[in-house]
Every structure is written in C-alpha cells, then in structure tokens.
Amino acid sequence: MLSRSAQGLYWMGRYLERAEHLCRLLQLQTEALVDRPIREIHFGWSRVYNSVNRQPPMGDLDPLGGEDYTLADSYTLADDLTFERSNPDSVWSCFALGRENARQMRHCISAEMWTRLNLAYLRIQKLGIQDIWSASPESFYAETAAEIDTFMGVASATMYRDTGWRFLQLGRFVERAQRAVALFLAQIAADRLTEEYSEADWTSLLRAYHAFEAYDRRYSVAVEPGQVLDLLVTDPLLPYSLRRSLDMVAAEIAVIHASPNAQTSDAVHQLASRLVSLVHSDWPVREDRGDLLQQMSADCWELHVLVTATYFDYPIADFPAR
C-alpha cells in the first residue's frame, strides 16, 4: 500500500474516534446541566478540557468550582469544543478532517462508507451551537456519536480486509488508548487537587465508557476510584477498556506488512508489546497508578511518532531497490 493511502486511512480512523470520544463526554456534560450541582458541572468541564489539553475560551477552569457556571458559560464552552473551526480537536474539525481523508482515500474504502460519512458531515456542517442549544444538545451529541458508530459498523461490514483496513483500525485504537489515558489522568489530578473524591464524578466516568452495568456486576453499587480504574484499564471484555485498545493496537501492528524503515519497524513492534505488558503485568502489582498512566501516556505518544516514521514518513533511500 502507498504510504500516502496508509496515512490517510490511519488519520481518518483517529479523527473519527476523537470526535466520537468527545461527543460521549459532551453528551454527559450537557445532560448534567439540567439538574446536577454546580460543582459537578464545573468539574465536568474542567475534566474535559484537561483531557484534551486545551485552554478554555474564558481562561483557566478551577475544578474546585470557585465560580458558578451558568448556562451561558456552558454554551460558550460547548461551542468551543463542538463547532469552533479554529479548534483542531472540535467535533466539527474532526469530522471535516476525517471526511477529507476519506475523500482522498475513496479508492481504499467502500461506497457505503463514503455515503454514510458524507451524509453525517453534511448534517453537522449546516449546524451551529445556537441550533442544538435551543432544543436538546445532549440529543445532538448522542446522534453524532451514533452516526460514527454506524460508520464504523458499515466499515466492518463492507471494507476489504487488506492493509488499508489494518491502518484504519490502528488509527482508531491508538487514538482510543491516548484519549482514555488522558481522561484517567485528568480525573486523578482533579481528585488530588480537591483531596477527596466524588462518587458522582467517577460514576460519570463509568458512563462515558458504557461500563456502569459491568462495574455493578463485578463489584457493587458503591463506586470506588481504584475499582473503577481497574475495570476501565484491565477488563478484556469491555469494548472501551485500555487493555482492549492496546491489545488491538499490538494485533494490527503484528499483521501489517514490514516497513522499508527496518530500524523503526522493530521499535514500533517492541513498544506496542511493552504497552500491552504494562497493562497485563505491571498494572495489577503496582500501587503508583498515576505514574504508570503517565508512562503509558508518553509511550502512546511515542508509538504514534514511531508509526508515522515507520509507515508514512520514512526516507526514500530506505525503500528497497527493485
């Protein structure tokens, strides 16, 4: 496969996974505006912004809730994360970038995939924050996340299982792992700042990963931070668990054809295996969970850099002569 095609499919997977992740968080956040305490609303916005490493439009957010967050404040924050064109990580930007990569890779994806993605993009392109805020913003985020899930289902049902499919999957799961680690670290940092934990905040984290029912079956209705992290990090049956994401990353890298860049090709396989080992072997026996997540965060970023150097931006001189 041409490196340009592999890169386009990889980034299409990443952008759409990023948009779906943000939609899930914003759905929970806008649902909380109806009847939740100001402190929870404030904490929710702080957690989202810290996890995406972005400065809010009105300055720093204090998770202690020093300033009441009105609907007007939430309107501005939601607009910044959803429709702000200058924000490369907004839902609108991720959809636009994902769709542009799909447009350039039309020869690598199925016609059904393009139709589904294009229709979803055209719907979002016509909207602004005022359009969704006056009705039911949480419904917009739920519908948008469902459209991305449907697109991935169509991809699974119709896309040819060649190397292009592998790069699409690799992009999705690298992004999913990075976003999960960032969100867990934001949650832990906020708890340390307040010197206590809120059961409601950890419950919302479970709901963001569709894991509340699984937690209830494994543990109990009492939500404990350590148990929540154990479930979200290590459960092999949970679709959004960190373990499952990293296992999928390692599996895709293992079957992708060797790269002309032999030096980084070995390194990317070794790093993927090391990340899997951190979850399978290190997590159950280590008590410094925050430090371990920081290491995973750095390793996930390094993995992306190595994937880029190995499969997309390798020197022409490294390509074997015919």
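The values are calculated or read from the model by the stated rules, or taken from the named source; none is laboratory data. These numbers come from a predicted model, not from an experiment. Positions of Cβ are backbone-derived with ideal geometry, glycine not excepted, and every protein chain shown enters the neighbour counts. Keep in mind that these areas ignore ligands, DNA and RNA; they rest on the heavy atoms of the full protein, side chains included. Shrake-Rupley method; radii C 1.70, N 1.55, O 1.52, S 1.80 Å.
Numbers below:
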{"item": "Alpha carbon Rg of the stretch 113-266, scaled by the compact-globule rule 2.2 N^0.38 Å", "result": "1.26"}
{"item": "Point-charge dipole on Cβ atoms (K/R +1, D/E -1) for the stretch 9-57, about Cα centre, debye to 20", "result": "180"}
{"item": "Two-site label geometry, Arg123 and Ala189: point separation in nm, points 7 Å out along Cα→Cβ", "result": "3.4"}
{"item": "Size of the stretch 149-221 as Cα extents on the principal axes (Å, biggest first)", "result": "50, 27, 18"}
{"item": "Between 0 and 90°, nearest 10: helix 225-234 axis offset from the chain longest Cα axis", "result": "20"}
{"item": "Pairwise label distance in nanometres, Asp313 with Glu287, each label 7 Å out on the Cα-Cβ vector", "result": "4.2"}
{"item": "Within the accessible area of the chain (1.4 Å probe), percent carbon and sulfur", "result": "51"}
{"item": "Residues Asp89 and Glu40, FRET efficiency given R0 of 35 Å [Cβ-Cβ distance, rounded to 0.05]", "result": "0.90"}
{"item": "Normalised convex hull volume, the chain, alpha-carbon set, Å³ per residue", "result": "138"}
{"item": "Per-bin percent of Cα-Cα distances, the stretch 1-138 [5 Å]", "result": "2, 9, 19, 21, 17, 12, 9, 6, 4, 2, 0"}
{"item": "Listed peptides 34-41, 143-150 by packing density, highest first (mean Cβ within 10 Å)", "result": "143-150, 34-41"}
{"item": "For the stretch 109-196, projected area of the alpha-carbon convex hull averaged over all directions, nm²", "result": "8.0"}
{"item": "q = 0.13, 0.14, 0.16, 0.22 Å⁻¹: log10 I(q)/I(0) that the Debye formula gives for the stretch 186-322, counting C-alpha atoms only", "result": "-0.65, -0.73, -0.87, -1.31"}
{"item": "Principal-axis tilt of helix 199-208 within the chain, Cα atoms, nearest 10 degrees", "result": "30"}
{"item": "Relative contact order [Cα under 8 Å, 6+ residues apart], the stretch 190-322, whole percent", "result": "20"}
{"item": "In degrees, nearest ten, helix 137-158 long axis to first principal axis of the chain (Cα)", "result": "20"}
{"item": "In nm, spacing of pseudo-spin labels at Ala111 and Tyr160 (7 Å Cα→C-beta vector)", "result": "1.5"}
{"item": "Packing-based order for 220-233, 199-212, using average beta carbon neighbours within 10 Å, highest first", "result": "199-212, 220-233"}
{"item": "Extension reserve of the Thr150-Glu199 stretch, reckoned as 0.36 nm per residue once the Cα distance is removed", "result": "14.4 nm"}
{"item": "Accessible area expressed per residue, the chain, with surrounding protein chains retained (probe 1.4 Å, Å²)", "result": "45"}
{"item": "Debye intensity ratio I(q)/I(0), log10, the stretch 1-64, q values 0.12, 0.27, 0.28 Å⁻¹ (C-alpha model)", "result": "-0.44, -1.14, -1.17"}
{"item": "Mean separation of Cα contacts under 8 Å (6+ apart) over length of the chain, as relative contact order %", "result": "23"}
{"item": "Extension gain (nm, one decimal) between Gln270 and Glu224, 0.36 nm per residue minus Cα-Cα", "result": "13.2 nm"}
